[in-house]
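Q: What follows is a single structure, and I will ask about it in a moment.
Just so it is clear, none of the values below were taken in a lab; they were calculated from the coordinates. From a predicted model like this one, the values you see are computed outputs, not experimental measurements. Don't worry about glycine lacking a Cβ; one is built from the backbone with ideal geometry, like all the others, and counts go over all protein chains shown.
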């Protein structure tokens, strides 16, 4: 079954990392369904049933986004609030539609990795800062996996760094 990659980037045209990841993933249409929320919902009016059906039809789901202000883009939060709802994803009358689905985050972070550490500038790892996602996905009985990240996107990214990271991303997805 194909992996669903939900792309949540508000300025994809200016992206270097996410754009390159998408370019590479699009070479494998038999393996990946690419689903760009900002292009599908520029008005942010999400088709809840369509989104739920799409998620139900995939066993692996990746949320790919830039890490802005130590958080996800607002459309991701809105998507979670509107799509992952009681009765469908969790609750007393739920059939837990995301149960056992492999879910992971794929993040482009502008800041260098060493700054995301207890001894670094921001005192927390990216894993610690994204813990609410892990807790949320565990709550709905999904199989949450460790995240994948590109660090240092706000700095000068070399072609070699970009290509190496893109290969690592594909390997990460294949290993899920």
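Q: What do you get for the angle between helix 159-175 and the principal long axis of the chain? Use alpha-carbon atoms, 0 to 90 degrees, nearest ten.
A: Around 30 degrees separate the two axes.
Q: Still on this model: Rounded to the nearest 10 degrees, what's the angle between the helix 74-83 long axis and the longest principal axis of the chain, both from Cα atoms, 0 to 90?
A: 20
Q: Now, a different point. If you consider only alpha-carbon coordinates, what radius of gyration and Dmax does the chain have, in Å?
A: 15.9, 51
Q: Percent antiparallel among DSSP beta bridges with both residues in the chain, to the nearest 5?
A: Percent antiparallel among DSSP bridges in the chain is about 5.
Q: Sticking with this one: Fewest first, what order do 143, 81 take by the number of other Cβ atoms within 10 Å?
A: By the 10 Å Cβ count, ascending, the order reads 81, 143.
Q: Go through 126-133, 25-32 and give me the packing order, highest mean Cβ count within 10 Å leading.
A: Listed from highest to lowest mean packing, they are 126-133, 25-32.
Q: Also, quick follow-up: Sorted by average packing, counted as other Cβ atoms within 10 angstrom per residue and highest first, what order do 149-158, 167-176, 97-106, 58-67 take?
A: 58-67, 97-106, 149-158, 167-176
Q: Evaluate the relative contact order of the stretch 2-158 (contact order divided by residue number), counting alpha-carbon pairs under 8 angstrom at least 6 apart; express in whole percent.
A: 23
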